[in-house]
Amino acid sequence: MFNLFKERPLDVKAIRNILSQCIKEKLQRVQGGEGANIMGVYLFINCSDADKHLYEAAIFLSIPGKFKTEEVQKIADDYAITLSPSFKFDIVFTDKFPPQADLIKDINAAVFISTKKSGLSNKNNQAFIKVLNGEAEKETYAIDSSNGRINIGREAKVQAAGSYVRKNAIAFKPNEMNRSVSRQHGHIAWEADSNSFLIFADEGGIPPNNKMKVRTPEGVLIKMQAIEVGHRLQEGDQIILGDSAVLEFTYSGDD
């Protein structure tokens, strides 16, 4: 029999409403037990390339901070939910949800509420940095959350200001081919709350020195303009150091 009530494809508004409703329910549940200990709200989205533009519009991806203020914070205000003054809101496009995240019904997403007593586990905390262009000491570098700060630059050990010796774990050779790679170009750090690696530009990787950019698999070019602002690395991101050196971030160590 023909189904007259066949479900229609989700649109931007429907996706946003489902996300907001789920966040509200999760916050209300946690509020009853831990209240002001709510430290962060994390959305994880695993959608097809064909649907990605719908999810990006639903979370106001082009307007940073809008979903946090107009959806999450409004929910907290309307329902008297106490959030930590420094609570974080983050959105991650991923092909694998963290084990603690709760799946959201009817859409390809999951949510996790971080509190002082619960954080995302450090599973899937290993990745690889592959050298696509430029001459480094290795062709592939394995990284994980236990490495701490992973410095990137020219030469393995360099003299920094204040007699400090900087050790570059991902080190490019000091030759003409790598001339645009700074000795203090950038670094990678693990963020446990979002279960992901972030990359930051250091002093040598921002204007007016040698520049640093990230190109996503979709072709979006992100210019690193400040040392305090990191970029969350996703599968296939290419990190461009200066004029020609290029690294690739991947969870696969295969060639």
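Neighbour counts of other Cβ atoms within 10 Å put ARG183, ARG232 in the fewest-to-most order ARG232, ARG183. When the alpha carbon gyration tensor of the chain is reduced to an equivalent ellipsoid, its three semi-axes come out at 38, 21, 16 angstrom, largest first.
Take every Cα pair under 8 Å whose residues are at least 6 apart in sequence, average their separation, divide by the length of the chain, and the relative contact order is 16 percent.
Fewest-first ordering of TYR79, TYR55, TYR251, TYR164 by other beta carbons within 10 Å of each residue's beta carbon gives TYR164, TYR79, TYR251, TYR55. Seen against the Cα atoms of the chain and their longest principal axis, helix 12-31 is set at about 90 degrees. Taking other C-beta atoms within 10 angstrom as a stand-in for reagent exposure, SER146, SER20, SER114 fall in the order SER146, SER20, SER114, fewest first. Its relative contact order, with pairs defined as Cα atoms under 8 Å and 6+ residues apart, puts the stretch 12-115 at 47 percent. For SER194, neighbours were defined as the other residues whose beta-carbon sits under 10 Å from its Cβ, and their charges (Lys and Arg +1, Asp and Glu -1) total -1. One quarter of the convex hull surface built on the alpha carbon atoms of the stretch 126-250 amounts to 7.3 nm², the projected area averaged over directions. Net charge of the neighbourhood of GLU70, taken over other residues with C-beta under 14 Å away and scored Lys/Arg +1, Asp/Glu -1, is +3.
Counting helices only, and only those DSSP H runs with n ≥ 4, report the 222 nm mean residue ellipticity of the chain as the sum of -39,500 (n - 2.57) divided by its residues, in deg cm²/dmol to the nearest 500. Numbers along the way, then the final one.
Values: 3 runs with 33 residues, N = 255.
That comes out to -4000 deg cm²/dmol.
Throughout, read-outs are computed from the coordinates displayed, never taken from laboratory work. Since the model is a prediction, treat every value here as computed from it, not as a measurement. All Cβ positions, even for glycine, are placed from backbone atoms using ideal geometry, and neighbour counts span all protein chains on display.
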